[in-house]
Amino acid sequence: MFSKILIANRGEIAVRIIRACKELGINTVAVYSEADKNSFHLELADETVCIGKAPPHESYLNISSIISAAEITDSEAIHPGYGFLAENPYFAEVCESCGIKFIGPSAENMRLMGDKVKARETVSKAGLSLIPGSKKVLASKEEAVSLAKKLSYPVILKAKAGGGGRGMRICHSDVRLVSAFMNAQAEAELAFGDSQIYMEKFLERPRHIEVQIAADNYGNVIHLGERDCSIQRRHQKLIEEAPSPALNNKLRANLGEMVSKVIKDIHYTSVGTVEFLLDNEHFYFIEMNTRIQVEHPVTEEITGVDLVKLQISMAAGEKLKIKQNEISFEGTAIECRINAEDSENNFIPSAGRIEFCYFPGGKDVRVDTHVYAGYTVPPNYDSLIAKIITKGKTRKETLQKMDRALGELLIEPNKTTVSFCRKIINDSDFRRGIYNTDFLKKFISREEE
Ligand code: ADP
């Protein structure tokens with residue numbers, strides 16, 4: 001096992017990773033930008049290193065600063081968290097060439113899955129279904145229009161290097177497609193330095209179902225069930241739960257088995273998530289995320305497996321100690337993302353000082369956060385300030401606990417998504433488990449009426 005790990009991230013995930021390290025007896029190095037000098041993860045770490053200015057490319061995306069910090073602190077490994085450099089194969093290669101273990105999959109795995117067009121081709125060969133769409137990146141507007149005719153509208157344009165919903169455009173007509181084509185390319189270029197885009201048929205009311213997997217360096221693969229992440233705003237998840245109300249045990253086992261087989265076939269190692277859209281009882285692959293995800297706690301709560309500890313131990317060369325038939329799913333869990341955003345004003349970010357805050361507690365309530373009273377939410381990064389996770393024997397009990405927990409939560413005077421999440425938790429369709437990726441759009445327009 002490692003004796004010292006550097007965490008190349010910030011916010012709640014840095015806190016989460018440090019907690020796992022402490023329980024494993026590993027010393028930690030926290031890095032931070034000038035905007036994060038009051039962040040709580042610095043209090044928890046054994047050592048801290050400032051890696052630069054507030055803009056991400058001058059700190060959390062600055063590979064040479066991070067590698068230097070690892071070298072001067074004698075860190076043996078780097079945990080990248082999510083976002084920033086977590087899915088950057090070049091960073092993984094630099095780490096390895098400097099003799100520092102990158103806690104994640106191989107650069108080759110990352111490169112394959114980071115190219116969504118190649119990923120589609122690879123998993124399709126391994127047996128997963130794809131949403132009908134382009135086999136290659138689109139060469140021109142004309143090609144896009146002709147493919148859209150074949151697929152029939154609506155269609156969606158997506159960035160080959162995509163992530164975070166950037167570069168996506170839903171199109172209902174030729175006219176819209178022609179103008180969206182250039183916009184999508186420009187957005188993709190800006191976000192990823194790669195303007196290439198591809199097309200899929202746009203499914204209008206699917207559920208987003210994703211499967212958590214773990215694979216060691218010795219060919220052992222397990223799946224840890226699914227998460228339902230259909231509650232999204234602009235393709236960004238807000239509330240996630242496990243198990244999905246839409247799956248039964250048979251579907252779950254079949255899906256899990258299918259995914260494990262693909263993971264084995266592509267020689268993937270580390271934890272990861274394979275994402276699908278479920279439409280008319282059919283699972284269509286959309287992408288694979290080669291990192292720990294924001295919503296991993298709901299899986300931890302129903303399986304009892306600490307995914308971050310598992311990820312670290314596999315990176316240290318340990319074998320998966322747990323077998324598939326030893327994974328059992330108990331009860332249900334849900335996560336609400338608390339973002340510093342004004343849900344009554346088009347979700348505009350609401351950075352600034354937190355004067356007062358009180359987090360919920362009690363049985364089966366988990367809070368993953370880096371904020372505290374007196375902390376100033378910087379405007380430079382994503383707006384996630386806390387995750388509230390509850391679990392219960394039944395979905396009803398889990399939702400009652402979430403309603404109770406959100407009712408206790410106070411963050412003042414900042415605008416947050418707390419009351420918005422609470423309204424969703426109490427929505428009658430949501431309570432009955434009847435929802436899909438279109439839910440929030442309708443919910444918001446009803447709210448605005
Ligand atoms: P990103 O990596 O940018 O987050 P994904 O491929 O994971 O992109 O898709 C994010 C979300 O966008 C999905 O959960 C879904 O809600 C929506 N989406 C993506 N592709 C389609 C599609 N073909 N039809 C309908 N919705 C889609």
Rounded to the nearest 0.05, what FRET efficiency do ARG234 and SER3 give with R0 = 35 Å and r taken as the Cβ-Cβ distance? Could you check? 0.25
Pulled fully out, how much extra length does the chain show between SER140 and HIS267, if you take 0.36 nm times their separation in residues and subtract their Cα-Cα distance? 42.3 nm
Which of the three applies to the chain, rounded, prolate or oblate, going by the alpha-carbon gyration tensor with a ≥ b ≥ c and a/c under 1.5 meaning rounded? rounded
Any cysteines in the chain with zero other Cys Cβ atoms under 4.7 Å from their Cβ? List them, or say none. CYS21, CYS50, CYS95, CYS98, CYS171, CYS229, CYS357
With all protein chains present, how much of the accessible area of the chain (probe radius 1.4 Å) comes from carbon and sulfur, to the nearest whole percent? 50
Regression test value, accessible area per residue of the chain, probe 1.4 Å, units Å², expected 42
Size of charge dipole - the stretch 59-167 - debye, nearest 20, with Cβ of Lys, Arg +1 and Asp, Glu -1, no other charges: 980
Modelled FRET efficiency - R0 41 Å, SER179 with ASN248, Cβ distances, 0.05 increments: 0.40
Reach of LYS442 by Cα under 26 Å, taken over lysines that are not fewer than 8 positions away in the same chain: LYS158, LYS201, LYS237, LYS387, LYS396, LYS401, LYS415, LYS423
So who's got an amide H within less than 5 Å of the one on VAL377, skipping anything under 5 residues away but keeping other chains? H placed 1.01 Å off N, in plane. GLY352, ARG353, ILE354
Only helices counted: for the chain, with every DSSP H run of 4 or more residues adding -39500 (n - 2.57) and the sum spread over all residues, [θ] at 222 nm is -10000 deg cm²/dmol
Relative contact order %, the stretch 132-201, counting alpha carbon pairs below 8 Å whose residues are six or more apart: 42
Could you sort VAL178, VAL117 by accessible area so the largest value comes first, with the probe set to 1.4 Å? VAL178, VAL117
Non-local residues with an amide H under 5 Å from the amide H of GLY162, with H modelled 1.01 Å from N and Pro and chain starts lacking one, are LYS116
The pairs in LYS261/LYS309; LYS160/LYS264; LYS116/LYS250 lying past 26 Å Cα-Cα in this model are LYS116/LYS250
Say the dipole of the chain comes from +1 at the beta carbon of Lys and Arg and -1 at that of Asp and Glu; which of PRO105, ILE385, TYR435 then lies farthest toward its positive end? TYR435
Taking the Cα of GLU281, stepping 7 Å toward and past its beta carbon, and measuring to each backbone N in the stretch 247-275: which are under 18 Å? 247-256
Spin-label point model (7 Å from Cα, Cβ direction): what's the HIS172 to ILE434 distance in nm? 2.4
Computed for the chain: size of charge dipole around the Cα centre, +1 on C-beta of each Lys and Arg, -1 on C-beta of each Asp and Glu, debye to nearest 20, value 1140
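The values are calculated or read from the model by the stated rules, or taken from the named source; none is laboratory data. For clarity, every value in this text was computed on a predicted model and none was experimentally measured. With ideal geometry, Cβ positions are generated from the backbone for all residues, glycine too; neighbour counts draw on all protein chains shown. Ligands, DNA and RNA are stripped out before the accessible areas are found, and what is left, the full protein with its side chains, is counted by its heavy atoms. Shrake-Rupley method; radii C 1.70, N 1.55, O 1.52, S 1.80 Å.
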